[in-house]
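The values are calculated or read from the model by the stated rules, or taken from the named source; none is laboratory data. Fair warning: this is a prediction, and the values are worked out from it, not measured in the lab. Note that we place each Cβ from the backbone using ideal geometry, even for glycine, and neighbour counts take in every protein chain shown. Just so you know, the surface numbers come from the protein's heavy atoms only, side chains and all, with ligands and any DNA or RNA stripped out. Shrake-Rupley method; radii C 1.70, N 1.55, O 1.52, S 1.80 Å.
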Amino acid sequence: MKTGSRTTPQSGREANTLRGYLVVLQGRAQRRQLPLKTGQQILVGRSQKVDFRIDEPVVSRRHFLLLVEPDRCLLEDLGSENGTYVNGQRVTSHCELADRDMIQISTVSIRVRLLAPHQTFTAAPEKQPPLLETISDQQTPPQTTCKSCFSPIEPELTQGGPLCTVCAYLETADSVSDVESLLARHGERSSSDSTAPVTSEQVKTPKKIPKAGRFGPFVLKEILGSGGSGVVQKAVDERNGKTIALKLLLVGDSRSQLVRRFLQEARILASLRHPAIVRCKDLGCIDHIYYMALEYIQGTDLETRLGQHGPTDTGMLLDLAGQLCDAVHYAHRRGVIHRDLKLQNMILNESNELKIIDFGLSRALDAGSSGNLTRTDQFLGTPQYMAPEQIENPRSADQRCDIYAIGVILFRLTCGEYPYPAKKGLASLLRAKLDEAPRTLREIMPQAPPALEQIITQATAYKMDKRYPTAAALASDLRRALQSA
């Protein structure tokens, strides 16, 4: 098989016909585009001699090969060290790509855009960044479902393209300032008569968050949770009759860090598709209040369940840990770390299915300066679940801080306590986590399996390089330990 960006013989107009693009969405090469033309064989890797170079340590020198044919595009992994994943599935030899597939190499994300034979690429509107071209198809009637996630779209919101609000934001918003253009594209869904886009000046005088009644297309029900900057309310979306969890943010300035985190959370949730991670269905601003419509989960958070039923038995622990580790590993493979995993952020439904919620402190591993909202002097998280590096140097925290939190979760589910006992004052607890060794599981629960204690000890190691490298590795050891116990 030949490599190189050279065309193979094609008949007539088929040769060199534009078939689509590759677009790097995450990584050092972010925003780079590679046109795909019929007949090309394109070698992708880290070497300077390849056709499309991605200069990342996780990318092999010759990572994968693309073969662009008139009616299909094939990807072949070339025995890469870290593997090539398409939509979360590892490519063992080769696979056929489809439009909007996501190619993943560790923390590098590449979007595939492919044309059907009767489609053509047209330039995006001027106000949209030229990151992704939009598809025009004169023979296809207007869509009522999102081209990316296939969720329903209100007819009046389709003027910005065949994308739902969240996917539109994911593909066009690069910073908080872009939220104004997002709202301008889709129209401000407000209870007032104004249809003008929201400006920063308008957002500086927000109204109070409603406790009941109507909020745009949503009928508000009971409050599910609240904090200093907003609330989460159960609501019904009248557009489709579905129950949702509506997260409302009350801030005084659209440029504030709270808004940045809110929009970043929506952006991250919109990029994740996993059964154990809550889905974000809509995003917008009404009456100068930002909102996020989330999948509603009928169930109980694990902290409440622990208080009601006590420590978890071995079978349930293995089931919960398996679901948790699978979801965390999925997020890590897509370059997302949660940074605030804890029992309160996980809901168990009546079918014992786990859902991780509240990605408000999450971030992309390769986020640039606009995406990293953590100051060097600021720690974020819940103290008992925080890894030492989140206290000492928050910006150095990578996916292994989530591994640490999983270890604490396993400890607490098993014995009902934390590795570090409660201290008088936050400062005392944080100092203890930096200066003192944690309690072992069998100090509190002597009958616990020694192998389980060893797994938790490794997951909560002080040094990052002593912990499990991935959540999948932790789950594998846990499965072997508990099944043989």
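How many residues, within the range 466-476, are in a helix (DSSP H, G or I) and touching a residue at least 24 places away in the same chain (Cβ under 8 Å)?
4
Can you name every residue in the range 397-409 that is of a type outside the set (Asp, Glu) and not in a helix (DSSP H, G or I)?
Ala397, Gln399, listed by residue number.
Hey, Pro388 hits all of (1) open to solvent by less than 20 Å² (accessible area, probe 1.4 Å); (2) under 21 Å from Met346 (Cβ atoms); (3) of a type outside the set (D, E, K, R) but one; which does it fall short on?
(2)
Tally the residues that are within 15 Å of Val108 (Cβ to Cβ) and assigned to a strand (DSSP E or B), restricting the search to the range 39-65.
Count: 5.
Please specify each residue of the range 342-357 satisfying the condition of being open to solvent by less than 10 Å² (accessible area, probe 1.4 Å) and either within 14 Å of the chain's Cα centre (by Cα) or free of Cβ contacts under 8 Å to residues at least 40 places away in the same chain (or both).
Correct list: Ile356 only.
Check whether at least one residue in the range 255-269 is in contact with a helix residue (DSSP H, G or I) (Cβ under 9 Å, 6 or more places away or on another chain) and free of Cβ contacts under 8 Å to residues at least 60 places away in the same chain, and report yes or no.
no
Within the range 391-403, work out how many residues are open to solvent by 10 Å² or more (accessible area, probe 1.4 Å) and under 19 Å from Leu474 (Cα atoms).
3
Is there a residue being surrounded by fewer than 18 Cβ atoms within 10 Å (Cβ to Cβ), in contact with a strand residue (DSSP E or B) (Cβ under 9 Å, 6 or more places away or on another chain), under 23 Å from Ile337 (Cα atoms) and at pLDDT 85 or above anywhere in the range 240-248?
Looking through the range 240-248, none of the residues is surrounded by fewer than 18 Cβ atoms within 10 Å (Cβ to Cβ), in contact with a strand residue (DSSP E or B) (Cβ under 9 Å, 6 or more places away or on another chain), under 23 Å from Ile337 (Cα atoms) and at pLDDT 85 or above.
For Leu306, indicate whether it is within 24 Å of Ala397 (Cβ to Cβ) and out of contact with any His (no Cβ under 6 Å at 6 or more places or on another chain).
So Leu306 does not fit the description; no.
Can you say whether Ala427 is open to solvent by 40 Å² or more (accessible area, probe 1.4 Å) and free of Cβ contacts under 8 Å to residues at least 24 places away in the same chain, as far as the supplied structure shows?
yes
Only one of Leu36, Leu74 is closer than 15 Å to Ala98 by Cα, in contact with a Leu (Cβ under 6 Å, 6 or more places away or on another chain), part of a strand (DSSP E or B) and not small (Gly, Ala, Ser). Can you tell me which?
Leu74
Considering only the range 432-485, state which residues are surrounded by fewer than 18 Cβ atoms within 10 Å (Cβ to Cβ), of a type in the set (Ser, Thr, Tyr) and under 13 Å from Pro388 (Cβ atoms).
The answer is Tyr462, and nothing else.
For Leu25, are the conditions met, namely being open to solvent by less than 70 Å² (accessible area, probe 1.4 Å), touching a Lys or Arg at 6+ places or on another chain (Cβ under 8 Å) and at negative phi?
yes
Conditions tested, residue by residue: (1) among the β-branched types (Val, Ile, Thr); (2) out of contact with any strand residue (DSSP E or B) (no Cβ under 9 Å at 6 or more places or on another chain); (3) modelled with pLDDT of 80 or more.
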{"position": "Arg260", "(1), (2), (3)": "no, yes, no"}
{"position": "Tyr290", "(1), (2), (3)": "no, no, yes"}
{"position": "Gln298", "(1), (2), (3)": "no, no, yes"}
{"position": "Cys325", "(1), (2), (3)": "no, yes, yes"}
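Being outside any loop (DSSP other than H, G, I, E, B) and more than 20 Å from Lys466 (Cα to Cα) is the requirement here; does Arg412 meet it?
Yes; evaluated as a whole, the condition is true for this residue.
In the range 305-317, is there at least one residue being more than 18 Å from Thr243 (Cβ to Cβ), under 23 Å from the mean Cα position of the chain (by Cα) and open to solvent by less than 10 Å² (accessible area, probe 1.4 Å)?
no
Restricting attention to the range 263-278, report how many residues are of a type outside the set (A, V, I, L, M) and surrounded by 19 or more Cβ atoms within 10 Å (Cβ to Cβ).
4
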